[in-house]
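Reading through the structure tokens given below for one structure.
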Amino acid sequence: MNSIQNIYCVGRNYVMHAKELNNEVPTSPFLFTKPTHALIQATGQEIQLPSNRGEVHYEVELVIHIGKPYKLGLSVDEIVDKMAIGIDFTLREVQGELKKKGLPWLLAKGFPNSAVITPFIPFPGEESLKKTNFSLWKNGERVQNGNVEDMIFSLQTQIDFVAEHFGLSEGDIIYTGTPAGVGAIAHGDHLSLRWGEETLGECKISL
Ligand code: ZN
């Protein structure tokens with residue numbers, strides 16, 4: 001975990017999710033970052049989130065880990081060495097206020113423990129990613145289900161865009177956007193993050 005460098009997050013990368021929040025479907029990738037203090041590995045423990053700033057929403061996302069310095073022309077399979085499932089926790093009401101004022105999203109997206117991540121697994125290759133869905137289960141019920149095939153901007157587009165505008169190297173991770181179905185969490189909720197049938201990580205929410 002301490003080898004993680006930059007935490008990039010892609011917003012509005014699934015049509016159905018952009019629409020559920022009444023956002024326009026973007027025509028170029030839309031990025032924000034989180035501080036490394038936001039990062040926490042989900043290994044079954046209780047995770048503390050803010051309770052005094054309105055609703056906290058879950059956003060389950062596929063997370064890719066960059067394994068070497070970026071060079072133009074490197075394919076996804078060449079530069080990504082590991083993957084995980086993550087939750088981009090969001091203070092939705094705070095975000096709404098920030099959006100209205102045209103301010104950056106950091107206050108809504110960058111709080112401690114806002115970037116939950118499962119232990120990494122080896123990257124299986126972009127083609128085989130399409131055969132497996134990732135999902136979030138809340139108290140035993142599936143609440144989000146996604147597949148890279150439904151992304152607006154492919155992993156390759158995201159990687160090239162991040163590298164061109166911000167830089168990309170070993171130890172950087174990218175939260176690649178959430179599918180539809182985001183919602184609020186409550187104190188005591190149990191969350192499990194699945195890759196296909198396999199649970200890669202879980203946590204219990206404390207508010
Ligand atoms: Zn997100």
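The values are calculated or read from the model by the stated rules, or taken from the named source; none is laboratory data. Treat the numbers as computed from the prediction; the structure is a model and nothing was measured. No Cβ is skipped: glycine too gets one built from the backbone with ideal geometry, and neighbour counts run over all protein chains shown. These area figures cover heavy atoms from the full protein model, side chains too; ligands, DNA and RNA do not enter into them. Shrake-Rupley method; radii C 1.70, N 1.55, O 1.52, S 1.80 Å.
Things to note:
- Summed over segment 5-18, the residues that are open to solvent by 30 Å² or more (accessible area, probe 1.4 Å) and either in contact with a strand residue (DSSP E or B) (Cβ under 9 Å, 6 or more places away or on another chain) or free of Cβ contacts under 8 Å to residues at least 60 places away in the same chain (or both) give a count of 3.
Here's the yes/no breakdown for (1) in contact (Cβ under 8 Å) with a residue 12 or more places away in the chain; (2) away from the ligand (no atom under 16 Å from the Cβ); (3) in a helix (DSSP H, G or I):
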position	(1), (2), (3)
L62	yes, no, no
H65	yes, yes, no
K68	yes, yes, no
G73	no, yes, no
E78	no, yes, yes
D81	yes, yes, no
G86	yes, no, no
Q95	yes, no, yes
L103	no, yes, no
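- Hits in segment 108-120 (condition: within 15 Å of the ligand (Cβ to nearest atom) and either without any contact (Cβ under 8 Å) to a residue 24 or more places away in the chain or among the β-branched types (V, I, T) (or both)): A108, V116, I117
- Among residues of segment 162-207, those that are assigned to a loop (DSSP other than H, G, I, E, B), open to solvent by 20 Å² or more (accessible area, probe 1.4 Å), more than 23 Å from P35 (Cα to Cα) and in contact with a strand residue (DSSP E or B) (Cβ under 6 Å, 6 or more places away or on another chain), counted: 1
- Any hit, segment 87-100, residues being within 18 Å of the chain's Cα centre (by Cα), more than 17 Å from F161 (Cα to Cα) and open to solvent by 40 Å² or more (accessible area, probe 1.4 Å): no
- Subset of segment 37-54 (residues that are open to solvent by 70 Å² or more (accessible area, probe 1.4 Å) and either within 16 Å of the ligand (Cβ to nearest atom) or touching a strand residue (DSSP E or B) at 6+ places or on another chain (Cβ under 7 Å) (or both)): T43, E46, Q48, R53
- Criterion applied to Y70, Y14 was being more than 18 Å from L136 (Cα to Cα) and in contact with a Ser or Thr (Cβ under 7 Å, 6 or more places away or on another chain), and the one residue passing it is Y70.
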